[in-house]
Amino acid sequence: MVASSFASDVSAAHAPHLKAMRKLLERCQPRHDIYTVFGHCMEAMAIAIANSVDLRQRARREARYLDIVGRYGADVVESFPRVMAELAMALETGMSDVLGQLFHDLELHNKAKGQFFTPYSLSRAMADMLIGDNATRRETIETRGHLTAMEPACGSGSMVIALADALRAQDINYQRHLHVTAIDIDPRAVHMAYAQLSLLHVPARLIVGNALSGEIREQWFTPAHILGGWTARLASAPQDKTAIETIPPVVAAKSAGSFKETEPAPGYNKPSPLPRQLSLF
């Protein structure tokens, strides 16, 4: 009952921000297709965040950003940072999958051929079951220094946000003691997840790719990952404590609809293999 009441309070607090974001994006109609504008807005937000910390990929992402904003008038472009501001304020009121809710409020799932994002209340319930006993989690942190999680179909990040939320409820600082690898085949979903996880300061590596085949097309590292030195932390973790099996990455093949970020930037490190299944250890 308490959890349900808290979820209702958070949803009510998000409502004005969702309404503001919806209005900002709906103003583009009928001049522009709202599904396309939404995707470009998500990508522009992700690039704006990533380019503040991920300098190795900055040049090509900046070129992509200029390509996006060059397609619209000033009124549409100016709405992008305003959407991001509303998102940040919404997440300040409480943790939830705000962008997943926005996607459905705009009825974009109809244009996305039935693509639905997991309701946050369900994700939160699953997260509580996944993390299990608090003492076990703390013992793992004492032994390894952190927890790692793998989400092979992250969508807009609902399950990852719920996991961080559940850890916080157990007085575990997810910003210091959790690292996430999240994968989705849809770039739009990854951009949505990246924006939310970055604003919530979740250390994470997000991948546009296929968790089944091991294909990696793009990688996005949250500010918390880069500023927290997580590449080094993960490399130095005791390997005998790692429960996830790995598979070799598959080189992404070019396709007519693929973006050129399948080509690694000069000096770009070869991606590490993808874990097989959803795990927390």
Which residue pairs have Cβ atoms under 9 Å apart, sit 6 or more places apart or on different chains, and have a first residue in the stretch 46-72 that is closer than 23 Å to Gly157 by Cβ and a second that is of a type in the set (Val, Ile, Thr) and not in a helix (DSSP H, G or I)?
-> Ile49/Thr222; Ala50/Thr222; Val53/Thr222
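With respect to Thr36, determine if the residue is closer than 22 Å to Ile207 by Cβ, open to solvent by 10 Å² or more (accessible area, probe 1.4 Å) and of a type in the set (S, T, N, Q). Steps first, please.
Details: closer than 22 Å to Ile207 by Cβ: no; open to solvent by 10 Å² or more (accessible area, probe 1.4 Å): yes; of a type in the set (S, T, N, Q): yes.
No; evaluated as a whole, the condition is false for this residue.
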Of the numbered conditions (1) within 24 Å of Arg27 (Cβ to Cβ); (2) open to solvent by less than 20 Å² (accessible area, probe 1.4 Å), Arg61 satisfies every one except a single condition; which is it?
-> (1)
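Quick check on my filter: what residues within the stretch 181-213 are in a loop (DSSP other than H, G, I, E, B), of a type outside the set (Ser, Thr, Tyr) and over 21 Å from Glu92 (Cα atoms)? Before the answer, list the steps.
Of the residues in the stretch 181-213, the ones in a loop (DSSP other than H, G, I, E, B) are 185-186, 200-203, 211-213.
Right, trim to of a type outside the set (Ser, Thr, Tyr) and you get 185-186, 200-203, 211-212.
Once the filter is applied, which keeps residues that are in a loop (DSSP other than H, G, I, E, B), of a type outside the set (Ser, Thr, Tyr) and over 21 Å from Glu92 (Cα atoms), the stretch 181-213 yields Ile185, Asp186, Ala211, Leu212.
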Within the stretch 214-226, count every residue that is modelled with pLDDT of 95 or more and assigned to a loop (DSSP other than H, G, I, E, B).
-> 1
The number of residues in the stretch 194-213 that are free of Cβ contacts under 8 Å to residues at least 60 places away in the same chain and among the small types (Gly, Ala, Ser) is 2
Quick one: Ala127 ticks every box in (1) among the aliphatic types (A, V, I, L, M); (2) farther than 27 Å from Arg188 by Cα; (3) without any contact (Cβ under 8 Å) to a residue 40 or more places away in the chain bar one, so which box is it?
-> (2)
Look at the stretch 64-79 and say how many of its residues are open to solvent by 60 Å² or more (accessible area, probe 1.4 Å) and part of a helix (DSSP H, G or I).
-> 6
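The values are calculated or read from the model by the stated rules, or taken from the named source; none is laboratory data. Please read these numbers as outputs of a predicted model, since none were measured by experiment. Every residue, glycine as well, gets a Cβ built from its backbone with ideal geometry; the counts of neighbours run over all protein chains shown. We work out accessible area using only protein heavy atoms, side chains counted, and drop any ligands, DNA or RNA first. Shrake-Rupley method; radii C 1.70, N 1.55, O 1.52, S 1.80 Å.
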